[in-house]
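Below: the structure, in structure tokens.
Throughout, read-outs are computed from the coordinates displayed, never taken from laboratory work. Because the structure is predicted, anything quoted here is derived from the model rather than measured. Cβ coordinates were reconstructed from backbone atoms using ideal geometry, including for glycine residues, and neighbour counts include every protein chain displayed.
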Amino acid sequence: MTILVTGATGEVGRCVVTELLRSGHAVRALTRRSAAAGLPGGVEVFEGDLERPESLREALTGVERLYLFPVPQAISEVVALAAESGVRRIVNLSGALADDAMFADGYQVVERAVEESGLEWTHIRPGEFARNWLDWAPSIRAERVVRRPYGGAVTQPIHEADVAAVAAAVLLGEGHAGRTYTFAGPRSLTVAEQAEAIGRALGERVRFEEQDPVTAREQWVRHGYPATVVDWLFGIWAESAHDPAPLNEEWATLVPRLTGRPARTFDEWAADHVTAFR
């Protein structure tokens, strides 16, 4: 059996490739720049772009199962080509909030196209990625400080390696067709507690400074984030800080249920990425 991983040089895609290599099946990787892929030996690397479906034709030939990175542009053509090429199963990356109107032009478009493909499909919907903290790496490196509004907001950050482990389990296992798996990390943590965890990994204190939401919004928009996205995100954070939700046990237990091993904690994620914060 041959499996194709799209988005193979991304944070999750690389981990999916690593997980699948352990299975003993033939693994192909799709990337826009094959010369710079830097993937492990034993992987057959193909150059292609999900926005240009014809560029996938060679990579898809002989493939039975497909890990699909969520690119909505030309998605109908991509899944049609996959079916034409003999793919039988698609596992697509989505998001825990995919049903929100904010993602009507993104995750929802991809999920709908996959469902209409006529192939076996499974949506995997992870919650907030722990790796979002890499956006704060510059200020942690320079000042050992994180400035953000809503420090009391609670999330269940998930390690990208656990997202990949779920994807691999669904690609390789049976009984997942037509299912949507929503999941998150094993613990609920405030933003301030996550900053503290990065400090523990560094062996130094990382300060959290509560930022005025109006000031923060101006900065984010000035730095290029769409105002609608900022307002949506800040709204979620504000609600969580005001009324923190308890641990979502169903989301927290899915990783061990599907993979057979405990989900990685945020402290483990921070230790795995500590060099980014030094």
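Summary table
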{"read-out": "Rounded FRET efficiency, nearest 0.05, which uses the C-beta distance separating L247 from E204 and R0 of 30 Å", "value": "0.60"}
{"read-out": "Three-way shape call for segment 96-237 based on the alpha-carbon gyration tensor, with the a/c threshold at 1.5", "value": "oblate"}
{"read-out": "Peptide ranges 153-163, 73-83 listed from the most packed, as the mean C-beta count within 10 angstrom indicates", "value": "153-163, 73-83"}
{"read-out": "Alpha carbon Rg of the chain, scaled by the compact-globule rule 2.2 N^0.38 Å", "value": "1.04"}
{"read-out": "Peptides 21-27, 241-247, 179-185 ordered by average Cβ neighbours within 10 Å, highest first", "value": "179-185, 21-27, 241-247"}
{"read-out": "Residue-span extension gain [E51 to D267] - 0.36 nm each, minus C-alpha spacing", "value": "74.1 nm"}
{"read-out": "Mean separation of Cα contacts under 8 Å, 6 or more apart, over the residue count of segment 1-125: relative contact order %", "value": "22 percent"}
{"read-out": "Placed amide H near V145: partners under 5 Å, 5+ positions off or other chain", "value": "I140, R207"}
{"read-out": "Fraction of antiparallel bridges per DSSP, the chain only, in percent to nearest 5", "value": "10 percent"}
{"read-out": "The chain: relative contact order in percent, alpha carbon pairs under 8 Å with at least 6 residues between", "value": "17 percent"}
{"read-out": "For segment 133-166 and segment 72-120, distance of Cα centres in Å", "value": "28 Å"}
{"read-out": "Sorted by Cβ density within 10 Å, fewest first, the residues T18, T275", "value": "T275, T18"}
{"read-out": "Stokes-Einstein diffusion coefficient of segment 1-125, Kirkwood radius over Cα pairs, 25 °C, 0.890 mPa s, in µm²/s", "value": "171 µm²/s"}
{"read-out": "Lys, Arg +1 and Asp, Glu -1 on Cβ, resulting dipole of segment 140-206 about Cα centre, debye, nearest 20", "value": "280 debye"}
{"read-out": "Segment 1-125: antiparallel DSSP beta bridges as a percent of all, rounded to 5", "value": "5 percent"}
{"read-out": "Mean Cβ count within 10 Å, highest first, over the residues of peptides 111-117, 86-92", "value": "86-92, 111-117"}
{"read-out": "Label-point separation in nm, D212 to R33, each point 7 Å along Cα→Cβ", "value": "4.1 nm"}
{"read-out": "Cβ charges +1 (Lys, Arg) and -1 (Asp, Glu), total dipole of the chain, debye", "value": "800 debye"}
